[in-house]
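One structure is given below, encoded as structure tokens.
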Amino acid sequence: MTEFSAEDLYRRLGRLIEEAPHFGGVAPLTTDQLTWIARAEALIERAGDMGAKVEFGAAKKSLALPSSRALGHQTMMMAIHRVLAAAELASPAGAQGAFIPVGSPFDAYSAVAKIFAAATSDILVVDPYMDDTMLLDFAGAVPDRASLRLLSDQQSAKSSLGAAAAKWKAQYPHRSIQVRLAPARTLHDRAILVDGKSAWTVTQSFKDLAKRSPAEIVRGDDIATLKVAAYEQIWNGAGVVIQ
């Protein structure tokens, strides 16, 4: 059986939490719920945390009874988060903080800010649903030495984006910012590209990052060259909002 690295385990656990089904009600457990439980149990087994394994096993049994299902689910999630925390600590520093729990605005800011801080010359942020949240919540973390380029979709971008960018440019004339809108439905992902060589995929729009469900920011070294080339091509053909 293939061994997982700590980083791989961390990302898989984060994705598991993000996809956790609802366990309320009195109906028998569904196939989706049972499949998710089996995945969780397998990952905890791989982690080798005996305490979490015992805790999860006891919680799983309580799911069979509607009267104890809510408590069982809570206990099960606590065990998974415990293993997630251990896997994060054992992961490389660059991978830590990639999983953002729901309702954690500071964690969301911290994860994005850590990526921005590594830039030496250029940051390109791609988000088809971008609004002023990028400027209000995240752009302050961009180093003065780096230019900030924002690429959104002309159909789905929010009007507040251009207005906020214009005010940002007026207040901080020494900081480089550009905004462009790609043709409708050209963009399908959320991404951060740094210095034309590193790429991260973001599972949610920045305006909603971890607000209603967990989010993940995944570094993609294996596809960075392709992503950079593809988005630079779209950028070059996009309409200028702020130059």
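Round to a whole number: what % of the accessible area of the chain belongs to carbon and sulfur, probe 1.4 Å?
On the way: 6780 of 12050 Å².
Result for the chain: 56 percent of the exposed heavy-atom area is carbon or sulfur.
Please report the orientation-averaged projected area of the stretch 117-243, defined via the convex hull of its C-alpha atoms, in nm².
Details: hull surface 28.6 nm².
Mean orientational projected area (the stretch 117-243, Cα hull): 7.1 nm².
Could you give the nm distance between label points at ASP8 and VAL26, where each point is 7 Å from its Cα heading toward the beta carbon?
4.5 nm
Under a 1.4 Å probe, what is the accessible area of the stretch 1-83 per residue, stated in Å²?
Counting only protein heavy atoms, the per-residue value for the stretch 1-83 is 57 Å².
Using alpha carbons only, how many degrees (0 to 90, rounded to 10) separate the axis of helix 105-117 from the longest principal axis of the chain?
With both axes taken from Cα atoms, the answer is about 50 degrees.
Which three extents, in whole angstrom, do the alpha-carbon atoms of the stretch 13-122 cover along their principal axes, largest first?
If we take the Cα atoms of the stretch 13-122, the spans are 56, 28, 21 Å.
Using every pair of alpha-carbon atoms in the stretch 64-124, split the distances into 5 Å bins beginning at 0 and state the percent of pairs per bin, rounded to integers.
Once binned at 5 Å, the Cα pair distances of the stretch 64-124 give 4, 15, 17, 18, 16, 10, 8, 6, 4, 2, 1, 0.
Using r as the Cβ-Cβ distance of LEU226 and SER156, and R0 as 35 Å, what FRET efficiency do you calculate, to the nearest 0.05?
On the way: r = 23 Å, r/R0 = 0.67.
E(calc), rounded to 0.05, equals 0.90.
For the stretch 98-172, divide the Cα radius of gyration by the Kirkwood radius and give the resulting Rg/Rh value with two decimals.
Working: Rg = 12.6 Å, Rh = 13.1 Å.
Taking Rh as the inverse mean 1/r over Cα pairs, Rg/Rh reads 0.96.
Relative to the first principal axis of the alpha-carbon coordinates of the chain, what is the inclination of helix 69-90, with its axis defined by its Cα atoms, in degrees from 0 to 90 and to the nearest 10?
So the helix axis and the longest Cα principal axis differ by about 60 degrees.
Could you count how many Lys pairs in the stretch 138-209 have their Cα atoms under 20 Å apart, skipping same-chain pairs fewer than 8 positions apart? Display every interim value, and only then the final one.
Numbers: LYS158/LYS167; LYS158/LYS169; LYS158/LYS207; LYS167/LYS207.
Here the count comes out as 4.
Above 34 Å lies some portion of the pair distances; for the chain, what is it as a whole percent of all C-alpha pairs? Present the calculation step by step, with values, prior to reporting the outcome.
On the way: 8048 of 29403 pairs.
Everything past 34 Å amounts to 27 percent.
May I ask you to derive the FRET efficiency for SER147 and ASP189 from their Cβ-Cβ distance with R0 = 22 Å, giving the value to the nearest 0.05? Please list the in-between numbers first.
On the way: r = 21 Å, r/R0 = 0.97.
Efficiency computed from Cβ-Cβ geometry: 0.55.
Which residue, ASP32, ASP122, ASP131, has the most motion in a Gaussian network model of the chain that connects Cα atoms within less than 10 Å?
Result for the chain, Cα springs under 10 Å: ASP32 fluctuates most.
MET130's amide H: which non-local residues (gap 5+, or another chain) put their own amide H closer than 5 Å, with H modeled 1.01 Å from N in plane and none for Pro or chain starts?
So MET130 has HN proximity to ASP153, LYS158.
Against the longest alpha carbon principal axis of the chain, how many degrees, from 0 to 90 and to the nearest 10, is the axis of helix 159-171 turned?
60 degrees
The values are calculated or read from the model by the stated rules, or taken from the named source; none is laboratory data. The structure presented is a predicted model; accordingly, all values stated were derived computationally and were not measured. Glycine also receives a Cβ, built like all others from the backbone with ideal geometry; neighbour counts cover every protein chain displayed. Heads up: the accessible areas ignore ligands, DNA and RNA and are worked out on the full protein's heavy atoms, side chains in. Shrake-Rupley method; radii C 1.70, N 1.55, O 1.52, S 1.80 Å.
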